[in-house]
Each structure stands twice: as C-alpha cells, then as structure tokens.
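Engineer: The structure that follows is given in the form of structure tokens.
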Amino acid sequence: MGKEAENVRASSEEAAVAEGVNAAESEFKLKGFKNFVRMNPKSDRFKVKRFHHIEYWCTDATNTARRFSWGLGMPIVAKSDLSTGNLTHASYLLCSGQLCFLFTAPYSPSIAAAQNLSPASTASIPSFDHAACRAFSGSHGLGVRAISLEVEDAEIAFRTSVAHGAKPSSPPIVLDNRAVLSEVHLYGDVVLRYISYKNPVSGDNSENKPDDWFLPKFEAMEEIASYPLDFGIRRLDHAVGNVPELGPIVSYLKGFTGFHEFAEFTAEDVGTSESGLNSVVLANNEEMVLLPLNEPVYGTKRKSQIQTYLEHNEGAGVQHLALVSEDIFRTLREMRKRSAVGGFEFMPSPPPTYYKNLKSRAGDVLTNDQIKECEELGILVDRDDQGTLLQIFTKPVGDRPTIFIEIIQRVGCMMKNEEGKEYQKGGCGGFGKGNFSELFKSIEEYEKTLEAKRVAEPTDSV
C-alpha cells in the first residue's frame, strides 16, 4: 500500500495532534448563538478567491456523474478518461454557473504499467493515487475527497499552510505552465486543494477550452449542445464537515488558513428533545468561502445524527454541500420531477402548521403564492437580522446515510463593491437555525426507517 493510501486511513484529527496544534485547542469553548459576536478580522494568511470545485471519489465515475447531472441539472462539460489518453483515472466535470463537481474513479493500475507508463504521466489530477482512492471508497463509500479553492498563488498557499501547521498531502505541481495544484489535509480523508492560474482566461467558460479554465488534459464534451440542462443552480455556498470533536479541527483549520469564526450553534440552539449537535462556521475574508463544522453531542435520547454519520463514514468527512439557486422554486420543481427516476429524494416536509405560521414570520419577504409554493415543494424558510434563507435537504445521495445535498436561495443583503457592481453578502439569512429542529425531526424519522429489527437471542433449554 502506497504512502498516500496509508494517509487515507489516518484521520487528520490525529495528524493535527501529531503536528502539535497547540494548547489553544484545549481552550476552545462554544459560546452559543446568543453570546456569539460576529467579527471579521480579515485574517486570511493567503489570498482566497472562491470555491473552485468539489471532487468526489467513487468506483464508477461514468454513472455517478450522469446521475448527478440528471438530478441537479448540471451538464457534463468536460472529461479526462481513456478517450483523452488518461490511463490512470476517469474524471467527469459537471458545471452550472460557478458550481463545478468532479467525479473520479480509478482505472486498473496495470493498464498504464503494461505500456511502461507511470500513472502520473497520464493522470489529469496529479495528486491521484490508485490505492488511496480504492481505500477511500472502501471506508467511506461515495464521498467528497477534495474541497478545492481558487487562490491567488497555490504555491504560496501551500507553503504558508504547512508553515502554520497544515499536514501536507500533495506539494505544488505546475500543470503545463498554466495552472498550479497543491493539497493539504483538511479532516478525515478529505483534502483542501489549492488551484491557481499563471495566465487566467477571461470571458465565459463556454468560449474557452476546459484545459484553459479548469485543468490541463481535460477535453470538452461534444454532446453538451444536444443535452441542455439548467435548473438554476449557480454556485457552492458552503461545504459542511462532520468531525468527532470541534476543538482540534477548528484550531487546526484556523491556524493554517487564518479563516475566522462566522457563526456558531450549540445543541441548545439547534437541537431537539431527542438529539443535537454543536457547530462552528469558518469563513475567509470575503465570507464567500464558508466551511461549517459539526460535532455530535452525547447523552440525548437518540444517538446524534452526527455520530451516526461518523460511524457509517468510518470517521470525519463532508456531510453536505449547500448549492445556491437563483430561483429555488424552479430548481425544486425540476428536481422533484426526477426524484423517482434517477434523481434525488428529499427529506420529509414539515407539518402543515409550519406553513400556517410562515406568513407571520416571512410575509414581508414572500408573497402568498410563494408561501403556498414553499408548502407544495417542502421548502423551509428562516431569517436572521440581515436577510432570509430558503432551504431544502435531500436524503443521503449514496447507499450509506452520510453525504447529502442542500438547495438554498438567499434573499436580501445586497451590496455594491468598489466598482459599483451589486453582489449579495455571504451568509445572508444565516444557516437555518430556526429550521434545525424541523430538519432534525425529519432525519430522526428517516433514521428510524433504517434501523434494523433486533432479533431476540434464543434462550437456553433446561
């Protein structure tokens, strides 16, 4: 087994401790929603531009990519596989607006070896490792391997991160003198990937080749024109991780990125009478890269859903991805059409009383027709002191009760930058604090349907 495969089997929580993430982690204490004071110290250690892409590791990239494409309305825009000369792995790229999902699965390592080629010489993702990918799928099933950020300089981001305690995963690699890729461990077997470009392309991505605006060795999918898909999803809002303990990971991640705490919640804020969690949201300077982290709480009537995740995922990992829609009603109508025929199913809707009370809570933002449509589609609505959040959650997208998708739309918080261009402030409307109890109840009911019946042990005969 290769060095990277061994790394895949080790949790980054243990790595963080081994790296000596200092005593600050033992001092980490949650304040809770009421006592938390939001501040932005602009403390990033390197320039972070945006979320770049999310890479899933799986055992069948072809069919997994097609399922997500169909279910989310994201066309497959680029590929790197046998047809492009990649003998190492199959990778298919889905994009809608700024949101990009990459699905990667390994080919047999003997294919490249039979032609006296090293796997790295044909791979489009230079950090890919056969043994690590197979070990990942065996431990976690379908899951996110990499959260990728576009940064100003991936070499500087890597060196800075490692100098401040990050455990290296892949050193900076220059790709065709156009892009630079590097990676550090994030949590569990998930890596934080940095991407930067030496000569960034301008204009719409459709006007340029994928190996220019994404990564070298990727080719455009010619069949896109005859396969139009667009449900209105535009970007990644936040990527949520579940970890056994918040303190060490929050200290580790803040330490090497400089990200600041954007929000936090305790079980008292968001739990139910049966289960709960604690959560911290970390953000970059612009607060458009949001990385929430959850930990389980113990001693409740039911096992925390975070603990259930950790057991089925065999450790820490990405729990869900929140995707921003420009029109959540259109997105949900399209997704629900496909939920029973290859798409994604949704968590049970809240009871009718939830929507009867919605007019008093959000009637100044939503029309009566929109409130009615929220009920028909099962959309939850919450707000904070700045804006309003519309959200809905799918059931787990794979065999295991682990990773799922959240569809959201944020309303309000419009601002103008220095150039006079209007944009929406990050995190507008919060993270659904007022809906957590309804979500937890749905998850609890869903988990009950998965619980195996206990078979009583036979008694000994006298």
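Engineer: Every residue in the stretch 389-427 that is open to solvent by less than 20 Å² (accessible area, probe 1.4 Å) and of a type in the set (S, T, N, Q), please.
Structural biologist: Correct list: Gln391, Thr394, Thr402.
Engineer: Condition first: part of a loop (DSSP other than H, G, I, E, B) and modelled with pLDDT under 80. Now tell me which residues in the stretch 200-221 satisfy that.
Structural biologist: Pro200, Val201, Ser202, Gly203, Asp204, Asn208 - these are the residues of the stretch 200-221 that are part of a loop (DSSP other than H, G, I, E, B) and modelled with pLDDT under 80.
Engineer: Any idea how many residues of the stretch 91-104 are touching a Ser or Thr at 6+ places or on another chain (Cβ under 8 Å) and either open to solvent by 10 Å² or more (accessible area, probe 1.4 Å) or among the polar types (S, T, N, Q) (or both)?
Structural biologist: Qualifying residue count, the stretch 91-104: 3.
Engineer: Filter the stretch 264-295 for residues that are under 16 Å from His320 (Cβ atoms) and of a type outside the set (A, V, I, L, M); which is modelled with the lowest pLDDT?
Structural biologist: Per the criteria, the residue is Phe265.
Engineer: Which residue out of Leu142, Leu181, Leu149, Leu192 is buried (at least 18 other Cβ atoms within 10 Å of the Cβ) and in contact with a Leu (Cβ under 6 Å, 6 or more places away or on another chain)?
Structural biologist: Selected residue: Leu192, the only one of Leu142, Leu181, Leu149, Leu192 that is buried (at least 18 other Cβ atoms within 10 Å of the Cβ) and in contact with a Leu (Cβ under 6 Å, 6 or more places away or on another chain).
Engineer: In addition: Pick out the one residue from Lys301, Lys372, Lys337 that is more than 28 Å from Trp70 (Cα to Cα) and open to solvent by 70 Å² or more (accessible area, probe 1.4 Å). I'd like the intermediate steps shown before the answer.
Structural biologist: Numbers: Lys372 fails: more than 28 Å from Trp70 (Cα to Cα); Lys337 fails: more than 28 Å from Trp70 (Cα to Cα).
Residue meeting the stated conditions: Lys301.
Engineer: Looking only at the stretch 61-71, decide whether some residue is among the aromatic types (Phe, Trp, Tyr), touching a Phe, Trp or Tyr at 6+ places or on another chain (Cβ under 9 Å), within 30 Å of Gly398 (Cα to Cα) and at pLDDT 95 or above.
Structural biologist: Scanning the stretch 61-71 turns up at least one residue that is among the aromatic types (Phe, Trp, Tyr), touching a Phe, Trp or Tyr at 6+ places or on another chain (Cβ under 9 Å), within 30 Å of Gly398 (Cα to Cα) and at pLDDT 95 or above.
Engineer: Here's something else I'd like to know. Just name the residue that is farthest from the chain's Cα centre (by Cα) out of those in the stretch 131-178 that are β-branched (Val, Ile, Thr) and within 17 Å of His53 (Cα to Cα).
Structural biologist: Val151
Engineer: List the residue pairs whose Cβ atoms are under 9 Å apart, where the first residue sits in the stretch 155-171 and is open to solvent by 70 Å² or more (accessible area, probe 1.4 Å), the second is of a type in the set (Gly, Ala, Ser), and the two are 6 or more positions apart or on different chains.
Structural biologist: Pairs found: Ile156/Ser196; Arg159/Ser182; His164/Gly255; His164/Gly258; Pro171/Ser182.
Engineer: Let me ask you something else. Determine whether Gly430 is surrounded by 21 or more Cβ atoms within 10 Å (Cβ to Cβ), small (Gly, Ala, Ser), in contact (Cβ under 8 Å) with a residue 24 or more places away in the chain and part of a loop (DSSP other than H, G, I, E, B). Break it down into steps so the answer makes sense when it comes.
Structural biologist: Values: surrounded by 21 or more Cβ atoms within 10 Å (Cβ to Cβ): yes; small (Gly, Ala, Ser): yes; in contact (Cβ under 8 Å) with a residue 24 or more places away in the chain: yes; part of a loop (DSSP other than H, G, I, E, B): yes.
When the stated conditions are applied, Gly430 passes them.
Engineer: Restricting attention to the stretch 66-82, does a residue exist that is out of contact with any His (no Cβ under 6 Å at 6 or more places or on another chain), surrounded by fewer than 22 Cβ atoms within 10 Å (Cβ to Cβ), touching a residue at least 40 places away in the same chain (Cβ under 8 Å) and closer than 12 Å to Ala105 by Cα?
Structural biologist: Checked against the condition, which is being out of contact with any His (no Cβ under 6 Å at 6 or more places or on another chain), surrounded by fewer than 22 Cβ atoms within 10 Å (Cβ to Cβ), touching a residue at least 40 places away in the same chain (Cβ under 8 Å) and closer than 12 Å to Ala105 by Cα, the stretch 66-82 yields no hits at all.
Engineer: Which of (1) open to solvent by 10 Å² or more (accessible area, probe 1.4 Å); (2) in a strand (DSSP E or B); (3) closer than 20 Å to Thr402 by Cβ; (4) not small (Gly, Ala, Ser) does Gln307 not meet, given it meets every other one?
Structural biologist: (2)
The values are calculated or read from the model by the stated rules, or taken from the named source; none is laboratory data. Just so it is clear, the model here is predicted, and its values are computed rather than measured. A quick note on method: Cβ atoms are made from the backbone with ideal geometry, for glycine too, and the neighbour counts reach across all protein chains shown. Remember, those area values only see protein heavy atoms, side chains included, never the ligands or the DNA or RNA. Shrake-Rupley method; radii C 1.70, N 1.55, O 1.52, S 1.80 Å.
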